[in-house]
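Input: a single structure, listed below in structure tokens.
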Amino acid sequence: MKIRSLMGAASLAAGVAMVAPVQAQALTCEDLEFTGAVTANYPAAGEFCQSVVERDGRPFAQFIGQVTRVRGGTVHLRFKRPDGTFGDPVSFTPPANFRVQIDGRRYSVRNLSPRQELSIYIPEDEWVLAHHESPEEFATAATVTTVAIQESSEDEYMAAATLPGTASIWPAVGLAGTGLVAFGGLLGWIRRRRTS
């Protein structure tokens, strides 16, 4: 009986010893070191990491990007920090057949709406992104399409938030003229009514 208890304890200890190193190898955002093109284009990239996913032995940071607008096949978005605040705008122009999945529904890029959020995966050494709805799908997908990320200026972002300045004064002049003609007709009607 003592031998079985001793063997059980030894097996349990060996199992715990084997599991501990595996758990210690799980990467976190603090373990990533963004380098090269990532830090050159977006120095604060580490602030936006939500989690880390390994694909083919290569770590990718999971970012959440909130769409601000879509224009001409280009998606403009802002990365979301874990505390819920947003960073500077960026954009990417995916190929025509690129699809994103949000809440189980597939969308073409042109059908994205402002405020929709995308799960984006960025390697620590390249300024490109890949999209999958969940980290599990990203890690196990047969193929992953990466798309280069471009900088999107604050002026572009603010221009999208304002109305175009295409109005002119001529509609107001026409409306004022119509109002004056109607007022003249009303005065003529009142004058004719008084004389009859």
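The values are calculated or read from the model by the stated rules, or taken from the named source; none is laboratory data. Bear in mind that the values here come from a model prediction, so they are computed numbers and not experimental data. Using ideal geometry, Cβ is built from the backbone for each residue, glycine included, and neighbour counts are taken over all protein chains shown.
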Sole miss for Pro114 among (1) surrounded by 16 or more Cβ atoms within 10 Å (Cβ to Cβ); (2) modelled with pLDDT of 85 or more is condition (1)
Selection over segment 67-83 where residues are out of contact with any Ser or Thr (no Cβ under 9 Å at 6 or more places or on another chain) and free of Cβ contacts under 8 Å to residues at least 24 places away in the same chain yields a count of 1
Out of (1) of a type in the set (Phe, Trp, Tyr); (2) under 17 Å from Val38 (Cβ atoms); (3) touching a Phe, Trp or Tyr at 6+ places or on another chain (Cβ under 6 Å), the one Phe92 does not meet is (3)
Inside segment 117-144, the number of residues satisfying the requirement of being at pLDDT 80 or above, in contact with a strand residue (DSSP E or B) (Cβ under 7 Å, 6 or more places away or on another chain) and not hydrophobic (A, V, I, L, M, F, W, C) is 7
In segment 67-82, anything more than 20 Å from Leu27 (Cα to Cα) and surrounded by fewer than 16 Cβ atoms within 10 Å (Cβ to Cβ) is listed as Arg71, Gly72, Gly73, Thr74
Restricting attention to segment 153-196, the residues that are among the aliphatic types (A, V, I, L, M), modelled with pLDDT under 65 and either assigned to a helix (DSSP H, G or I) or farther than 30 Å from Arg78 by Cα (or both) number exactly 4
Of the residues in segment 99-126, those that are farther than 17 Å from Gln150 by Cα, touching a residue at least 12 places away in the same chain (Cβ under 8 Å) and hydroxyl-bearing (Ser, Thr, Tyr) come to Ser113, Ser119
